[in-house]
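Here, each number is a calculation from the coordinates, and none is a lab measurement. Since we're looking at a predicted model, the values are computed, not measured. As a convention, Cβ positions derive from the backbone with ideal geometry for all residues, glycine included, and neighbour counts pool all protein chains shown.
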Amino acid sequence: MAETTVSHAHETHEHESDEQLWDGGKEPLKASYGKLMMWYFLVSDAFTFAGFLIAYGAIRFSMPTWPEPDFVFASFPFVQAHWPLVFVTFMTFVLIFSSVTMVRAVQEGHRENKRGVVFWMFLTILGGATFLGCQAYEWTILIKHENVTLDRNPFGRFVADGVMVDVNGKEVLENGAPVTVKKDDSYLLHGHEQDGKMQLEEKYVRYTAGNYAGQTLKVGEGPKAFGALFFFITGFHGFHVFSGVVFLAIIMLNAMGGLYAARKNGYEMVEKIGLYWHFVDLVWVFVFLVFYLL
Amino acid sequence: MSAHQSYEDQKKLVFYGLKLLGIITIVEVVFALFAKGHIIPSVTFGKDGGFGQALYMLAMIGASLYKAYFIVFFFMHMAGEVRGLVMTVLLPMTLLIWAIIAFFHEGGRWGAARQGIKQKNEEVVQPIPAAGKPTGYLIPGAIYRG
């Protein structure tokens, strides 16, 4: 890693004819090797994430209905209320704050202020760990309480207006009135354990409009791919957050030990991990957009 | 970080960024809840499957792209890098424009194909009673002869 330290010492030994060649001393694009490579790694990573998110979009476009995010993501720790999108907004703020503390760490690095670097990096790590904890909570709710897995998705939406009936075709009454459903209404099929296997409740609906008017159909699972897409994409992002936290911790410990102060290059290593950390925040902007807002 | 900025200016930019990203996020979420009928139940243009939803989605994508621009140019200091570096990072991203158009179109086709197969499976075929002598072709003669 010593080569990241820029040295112009060789330049005096250069021959006239070698002037056009890069000897590693002068930087192309006025950025050090390490920073440049971090940028290009992030470009490739951006394509990976873009591929995942575009796959999500393509599959969503191919389905007649799709689970409604403000119905699916409405849990909040310690409250029993239905608070759509509130918790993921909190998670977004955690990442924004950790991005801001990261910028401060980089700035203190430029001033060669070791205490400042370590302090702001510590807050950044705290933010990353908090985000991971929030994600663990979100996944727990989905897997444990709502029975979403890679190939099971109890969240769906009705394709047309109808009325709930029982297995014999008799209308289900609630407070003496039939239970009606409207097109695009969201539903969640609750699950229960039976013989050690998860069974989803059986519900039936008699459609009063649309292609199935007059027919009684079982309320089925929603689009199957939803769970796999959600867990893979947020999981891949969460893994980036996790590895970011690990590298931030290593670099913070190195900074505490005085390694980067000795290099006298304005804590460039902190700047590089900063680029990565902002990218993780950047990806979350788009994950937030496609999974929770659209 | 550009050299001409003083330390105080740099700190100001950070808190400006915090305010900007925070406010855009809150506006996005409140607008999402509004457009999907969580604030006024009768307002649901955000999920009407038509023009209102398209407009809603465009607004959300625009706000997110602005957040992305701010993070890349000011938090990642892309604004302070040389033009060549900016271009080598941003130009490849334009490939995604076609990827999005092509794959979303493809997704629509998958849906249409699946719908077509379902319709064919549910179709009730009335067998035509055989009358007279067999004509000899399972498929129409014109197609058979090419």
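A few comments on the model shown:
- Other-chain or far-sequence residues with amide H under 5 Å of A:Tyr204's (modelled H): A:Val165, A:Val219
- Summed side-chain charge close to A:Phe231 - residues other than A:Phe231 whose Cβ falls under 11 Å, Lys, Arg +1, Asp, Glu -1: -2
- Degrees separating the helix A:86-110 axis from the principal Cα axis of chain A, which is the longest one: 0
- Taking the Cα centre of region B:7-96 as reference, the dipole from Cβ charges on Lys and Arg (+1) and Asp and Glu (-1) amounts to some 80 debye.
- Partner shielding of A:46-57 amounts to 3, given as the average count of beta-carbon atoms from other chains within 10 Å of each residue beta-carbon.
- Relative contact order, percent, region B:7-96 [alpha-carbon distance under 8 Å, six or more residues apart]: 17
- Ordering B:Met60, A:Met256 from the fewest to the most neighbouring beta carbons within 10 Å gives A:Met256, B:Met60.
- Which listed pairs, of A:Lys170/A:Lys203; A:Lys218/B:Lys120; A:Lys203/B:Lys36; A:Lys183/A:Lys203, have C-alpha distances above 23 Å, in listed order: A:Lys203/B:Lys36
- Counting neighbouring Cβ atoms within 10 Å and putting the fewest first, the residues A:His278, A:His110 line up as A:His110, A:His278.
- Value of relative contact order over chain A, rounded to a whole percent, pairs C-alpha under 8 Å and six or more apart: 22
- Within 10 Å of the Cβ of each residue in A:104-112, the mean number of Cβ atoms contributed by other protein chains is 3.
- Normalised by the number of residues in region A:155-218, the average gap of Cα pairs under 8 Å and 6 or more apart makes the relative contact order 37 percent.
- Distant-in-sequence amide H partners of A:Val181 (H built 1.01 Å from N, under 5 Å): A:Gly162, A:Val163, A:Met164
- Cα shape, region B:7-96, gyration tensor, a/c 1.5 rule: oblate
- Fewest-first ranking of A:Ile143, B:Ile24, A:Ile96, using other Cβ atoms within 10 Å as the exposure measure: A:Ile143, B:Ile24, A:Ile96
- The mean count of C-beta atoms from other chains within 10 Å of the C-beta of residues in A:277-289, rounded to a whole number, is 5.
- Principal-axis tilt of helix A:114-140 within chain A, Cα atoms, nearest 10 degrees: 20
- Selection from A:Tyr267, A:Leu188, A:Trp277 lying farthest towards where the dipole of the protein assembly as shown points positive, charges on Cβ: A:Leu188
- In chain A, helical runs assigned H by DSSP with n ≥ 4 each contribute -39500 (n - 2.57); averaged across all residues and rounded to the nearest 500, the mean residue ellipticity at 222 nm is -17000 deg cm²/dmol.
- Three-way shape label, the protein assembly as shown, alpha-carbon gyration tensor, a/c 1.5: prolate
- Axis angle, to the nearest 10 degrees, between helix A:268-288 and the longest C-alpha principal axis of chain A: 20 degrees.
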